[in-house]
1. Test residue 261 against the stated conditions and say whether it is in a helix (DSSP H, G or I), farther than 24 Å from residue 20 by Cα and either out of contact with any helix residue (DSSP H, G or I) (no Cβ under 9 Å at 6 or more places or on another chain) or without any contact (Cβ under 8 Å) to a residue 60 or more places away in the chain (or both).
2. Checking residue 34 against (1) within 16 Å of the ligand (Cβ to nearest atom); (2) assigned to a helix (DSSP H, G or I): exactly one of these is not met. Which one?
3. Might you check whether a residue that is over 12 Å from residue 49 (Cβ atoms), within 16 Å of the ligand (Cβ to nearest atom) and either free of Cβ contacts under 8 Å to residues at least 40 places away in the same chain or crowded, with 24+ Cβ neighbours inside 10 Å (or both) occurs anywhere in region 196-213?
4. Take region 65-83 and flag every residue that is out of contact with any strand residue (DSSP E or B) (no Cβ under 8 Å at 6 or more places or on another chain) and away from the ligand (no atom under 16 Å from the Cβ).
5. Right, residue 117: touching a strand residue (DSSP E or B) at 6+ places or on another chain (Cβ under 9 Å), away from the ligand (no atom under 16 Å from the Cβ), in the same structural domain as residue 146 (by TED's automatic domain parsing) and closer than 18 Å to residue 339 by Cα or not?
6. Which of the residues belonging to region 65-74 are assigned to a strand (DSSP E or B) and surrounded by fewer than 22 Cβ atoms within 10 Å (Cβ to Cβ)?
7. Within region 169-195, take every residue that is in a strand (DSSP E or B) and under 26 Å from residue 68 (Cβ atoms) and give me the one that is nearest to the ligand (Cβ to nearest atom).
8. Tally up the residues in region 38-64 that are away from the ligand (no atom under 15 Å from the Cβ), out of contact with any strand residue (DSSP E or B) (no Cβ under 6 Å at 6 or more places or on another chain) and in a helix (DSSP H, G or I), please.
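The values are calculated or read from the model by the stated rules, or taken from the named source; none is laboratory data. Because the structure is predicted, anything quoted here is derived from the model rather than measured. A quick note on method: Cβ atoms are made from the backbone with ideal geometry, for glycine too, and the neighbour counts reach across all protein chains shown.
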Ligand SMILES: *Cc1c(COP(=O)(O)O)cnc(C)c1O
């Protein structure tokens, strides 16, 4: 059976984890945590970063930093993972769902204006499959209405937005006021199964982010010698991972270019081999707009309808390949459907019914990808 996903080991993880243990300092914010954070800040120009125990945690920190009042509204795509919405719901906000674009599952910037009200405070674009949302359009709407932008960049490590106006590439996660990454085992790089990163790009949130992370204390300032004692100064929780997880992540960061090169080779093999079937109209291939780059997080197909997708998944399973569908629309979920305002979100529902993801992970062989493509070709002939 070819799995859908398999976490990759670079070979140095155990070594660094052993080093962390031998150093006698295992709790968070030690040498490896600081090294990882500095790496993200240097490589991607993020203003300030804090490792977290998950992408969900990083989103929860973002939501806390937005300082929402009951009744404040947050715009989230309906085609996303539960955590994108849940992080803001926990803060007492009302979640207002946006539809996806016709061309890809990302939030449709053109539908935002119609759902913004005087209570709207935040827009949360999710870079689905690591492919950038239309960030110029989203930032323009946000600036016009004085809204915060929190990028859910959980899938978007090492991916960029190319501004069509200024000829420049911005790393995803560096554009909004705040951003969240995930290092769950299903993502391109992992911190040992679970992990995440909060990115603070707007200076106004830097001090408070550190306090929330340090369980509501100003301990970080104390350790830097900026205050002569530390205590309870704000809200907070335990968001920081242990050094063991940071050490695992460090081994992956050292190898990120190799990981990305391999994933892109697999991704491009899928693209090349499945293009003829896409041209025959059997399905559509992943869409990467001119303003986006590809970080090879995911290879998906969009089938014409639910029945077609069910048929393909069943056929692949019978032939030893695990292909899986993805999100169900959050606006019609058991938990939220009664709170949703009743607007139809047809593109989101279409992706919920028709999108299927093919196996993609570092240790998958090019030959296995070719085999999967051959199977799909057989299915359609
Ligand atoms: C993976 C993911 C998350 C959650 O990240 P965890 O690290 O699993 O908590 C949130 N949003 C999106 C879009 C994701 O893909």
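1. Values: in a helix (DSSP H, G or I): yes; farther than 24 Å from residue 20 by Cα: yes; either out of contact with any helix residue (DSSP H, G or I) (no Cβ under 9 Å at 6 or more places or on another chain) or without any contact (Cβ under 8 Å) to a residue 60 or more places away in the chain (or both): yes.
When the stated conditions are applied, residue 261 passes them.
2. For residue 34, the exception is condition (1).
3. No: region 196-213 contains no residue that is over 12 Å from residue 49 (Cβ atoms), within 16 Å of the ligand (Cβ to nearest atom) and either free of Cβ contacts under 8 Å to residues at least 40 places away in the same chain or crowded, with 24+ Cβ neighbours inside 10 Å (or both).
4. Residues satisfying the conditions are 67, 69, 70.
5. Spelling it out, residue 117 is indeed touching a strand residue (DSSP E or B) at 6+ places or on another chain (Cβ under 9 Å), away from the ligand (no atom under 16 Å from the Cβ), in the same structural domain as residue 146 (by TED's automatic domain parsing) and closer than 18 Å to residue 339 by Cα.
6. If the condition is that a residue be assigned to a strand (DSSP E or B) and surrounded by fewer than 22 Cβ atoms within 10 Å (Cβ to Cβ), then 73 is the only one that fits.
7. Kept after step one, since they are in a strand (DSSP E or B), are these residues of region 169-195: 169-171, 178-182.
Now drop any that are not under 26 Å from residue 68 (Cβ atoms), which leaves 178-182.
Details: 178: 14, 179: 11, 180: 7, 181: 8, 182: 3 Å.
Checking each candidate, the answer is 182.
8. Number of matching residues: 5.
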